[in-house]
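Just below is one structure, and these are the notes that go with it.
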Amino acid sequence: MARKYLGGSGERLTVWISIAASTVLIFYGYDQGVFGNVIISEDFLQTFGHPSANMKGVMTSIYNIGCFIGAMSTIWTGDILGRPRQIILGSTIIAIGAVIQAASYGVAQMMVGRIVAGLGTGMNTATAGVWQAETSKMRSRGKLVIIQMANCITGFSISNWLTLAFSFAPKDVAWRFPLAFQIFFTFCIYALCPFLPDSPRLLIRKGRYDEAYEVLAALEGHGATPESPSVHAQFNIIKDILDREHVNTYTWWELLTGKGPSGVLRRMILGAWMQAMNQISGINVTSYYMSYIFINALGISELLSRILAAAGSVDYLVFACLAYFVIERYGRRRVMMVSAAACSFCWIMISIALGVTEHGGDSYKLGIVAVSFFFVFFASFGMGVLGVPWLYPTEINALEMRTKGASLAMATNWICNYAVVQVTLPGIDNLGYKFWIIWAVICFAFIPITYLFYPETANRTLEDIDRFFETKPGIFVFRNKVAVQLQRPIEYIEADERVARAEEEAKVDGSVKSHYIETKEAV
């Protein structure tokens, strides 16, 4: 019998891994909302000497520098520790950062706490998606990552409602408790990750074949054992790709100069830029600073701003969940392009509403229009630009380079995140309505970029994508039917069948040879 993990196998085990990976994203989502709501608290402002808009931006964005360093560190530690242990380490570091933040009485101390928490979050976010992708089946991979993203927005929503509730608490409890609450999620990780399996692909790469067979059997379910033909077929397909990639060992310089496995640098860039698109869409303008924007850009009261931000987080969560029904049905390319177009339209309408207000329009009615399109933006972003960039780097990168590629993508995510969060408060103060036009142009640019350069990864196994890049496709993929079609290409189905037939033939040849030897010895 296959080994059981956390009381389950098959789909049940995949769900447990998804829950653990999703808890990592709850961490991330929670922090996106909590600090932007903390910095508008009167007691917080008094405690830290009423910092300027620029200083508040630095205190908020410095977290992303920690995330960048943490994500980059997994290039070296991710494969050594394995997926579950890396997440346990990252979650422990987040808890330490939460304690430092909750106990802060000065700007420097708060920044240290933000950086430390960021280190752990960077490690976790660079690991969770890879772990999820490498332990899930082809047809459920996208949906499971969308569940992760929905949990990210659940964390964001929790932070908005919790800070709203604690805004009525006395003095510093109003902001210290929400910051300390991050520790709760660390305990959730402690309750899950020690009892879940590592990636079978990583185990094969490390030469731990017996463990890999056990994990593959457990993930297969339906009574599968390490000796089952279906388990051996999966093992052989993964190992076949790895063996071909391992013909040579490549240095980072060789990879960066294009001398590594076919398309590996291009694939890393595609994954990293997809994550960049997620961040430079302007989402963190709203997720980090929604309450601040309502107060300072639209002139809404603090309490109503908190209520609207909390309501917006629910709108965001609902549409992030609805993405579950489109991500596999319509594929990564189409979902990304439609979502980006809708996001661009929202920024255009917000720019118009705020621009007319600045030139003497009815601020009350135009404020309603602006708030409405902030809500529509959350919905549009949640349906596509939210989930696809988190899923894509885990799918597009070469099997041997998947950890490094995901780490690079997440590092790109965090450095872009830092830049956006850093410029937002000065941008709102200095540019007015023109600030929002920037995001409209950027979001619109995502449409031709995705159409021209990004191959479809829906309805492909991770090994199919390796096979695609072995054909050395051109940079532009929009005319390549294999690259853009939604259905799994027939040549990949036939390739799997050939590997399975070769395995069966090898078994038959081995049995015949063994029988011949036994007969000869008997004679």
(message) Given R₀ = 41 Å, what would the calculated FRET efficiency be for Y330 paired with D240, taking r from the Cβ atoms and rounding to 0.05?
(response) 0.85
(request) Order the peptides 175-182, 288-295 from the highest to the lowest mean number of other Cβ atoms within 10 Å of their residues. (result) 288-295, 175-182
(message) Show me, for the range 266-276, the HN-Hα J-couplings you get by feeding each phi into the Karplus relation (A = 6.51, B = -1.76, C = 1.60, θ = phi - 60°), rounded to Hz, glycine and proline as x.
(response) 4, 5, 5, 5, 4, x, 5, 6, 4, 5, 4
(request) Name the shape class, rounded, prolate or oblate, that the alpha-carbon gyration tensor gives for the range 19-78, where a ≥ b ≥ c are the square roots of its eigenvalues, rounded holds for a/c under 1.5, and otherwise prolate holds if a/b is larger than b/c and oblate otherwise. (result) oblate
(request) Set Lys and Arg Cβ to +1 and Asp and Glu Cβ to -1, take the dipole of the range 320-398 about its Cα centre, and tell me which of F373, P393, C343 lies farthest positive. (result) P393
(request) As a check on your grasp of the helix formula, calculate [θ] at 222 nm for the chain: sum -39500 (n - 2.57) over DSSP H runs of n ≥ 4, divide by the residue count, round to the nearest 500. (result) -26000 deg cm²/dmol
(message) With a 1.4 Å probe and all protein chains kept in place, how much accessible area does C321 have, in Å² rounded to the nearest 10?
(response) 60
(request) Run through all the Cα pairs of the range 397-506 and give the fraction in each 10 Å bin from 0, expressed as whole percent. (result) 11, 27, 28, 18, 10, 4, 1, 0
(message) Could you work out how much longer the chain between Y190 and Y209 gets when fully extended? Use 0.36 nm per residue separation minus the Cα distance between them, nm to one decimal.
(response) 4.2 nm
(request) Please give the helix 434-453 orientation as an angle from the longest Cα principal axis of the chain, in degrees from 0 to 90, rounded to the nearest 10. (result) 10
(request) At q = 0.16 Å⁻¹, work out log10 I(q)/I(0) for the range 323-416 with the Debye formula, treating every Cα as an identical point scatterer and leaving solvent out; two decimals please. (result) -0.76
(request) Using label points projected 7 Å from each Cα along Cα→Cβ, tell me how many nm separate R266 and E227, to one decimal. (result) 4.5
(message) If I take the Cα coordinates of the chain and project them onto the principal axes, what are the three extents in Å, biggest first?
(response) 101, 49, 42
(request) Measure nothing fancy, just the Cα-based angle from helix 302-322's long axis to the longest principal axis of the chain, in degrees from 0 to 90, nearest 10. (result) 20
(request) Could you list, in their original order, any pairs among K239/K472; K56/K404; K206/K481; K404/K481 whose Cα atoms are separated by more than 24 Å? (result) K56/K404; K206/K481; K404/K481
(request) With a 10 Å radius around each residue's Cβ, average the other Cβ atoms per peptide and rank 120-126, 234-240, highest first. (result) 120-126, 234-240
(request) Roll a 1.4 Å probe over the protein chains and send me the accessible area per residue for the chain in Å². (result) 39
(request) Return, for the Cα atoms of the range 435-497, the radius of gyration and Dmax in Å, separated by a comma. (result) 15.1, 54
(message) Rounded to two decimal places and with Rh computed the Kirkwood way over Cα pairs, what is Rg over Rh for the range 263-506?
(response) 1.07
(request) Would you kindly give the portion of the calculated P(r) for the range 1-198 that falls above 21 Å, as a percent of all Cα pairs? (result) 51
(message) In whole Å, what are the extents of the range 203-248 along the principal axes defined by its C-alpha atoms, from largest to smallest?
(response) 38, 16, 14
(message) Output wanted: per-residue J couplings in Hz (rounded whole) for the range 15-21, from phi through Karplus 6.51 cos²θ - 1.76 cosθ + 1.60, θ = phi - 60°, x for Gly and Pro.
(response) 5, 5, 5, 5, 5, 5, 5
(request) Quantify, in whole percent, the carbon and sulfur part of the accessible surface of the chain (1.4 Å probe; protein heavy atoms only). (result) 66
(request) Provide Rg over Rh for the range 1-102; use the alpha carbon set for both Rg and the Kirkwood Rh (inverse mean inverse pair distance). (result) 1.11
(message) Run the numbers for K434 and E491: contour at 0.36 nm per residue of separation, minus the present Cα-Cα distance, in nm.
(response) 15.5 nm
(request) Report ³J(HN,Hα) in whole Hz for each residue of the range 412-422, in order, from the Karplus equation J = 6.51 cos²θ - 1.76 cosθ + 1.60 where θ = phi - 60°; Gly and Pro get x. (result) 4, 3, 6, 6, 5, 4, 4, 4, 5, 5, 5
(message) Quick check: pseudo-label points 7 Å beyond the Cα along Cα→Cβ at N480 and A165, how many nm apart are they?
(response) 5.1
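The values are calculated or read from the model by the stated rules, or taken from the named source; none is laboratory data. For clarity, every value in this text was computed on a predicted model and none was experimentally measured. Methodologically, a virtual Cβ is constructed for each residue, glycine included, from the backbone with ideal geometry; neighbour enumeration extends over all protein chains shown. The accessibility values were calculated without ligands, DNA or RNA, using every heavy atom of the protein model including side chains. Shrake-Rupley method; radii C 1.70, N 1.55, O 1.52, S 1.80 Å.
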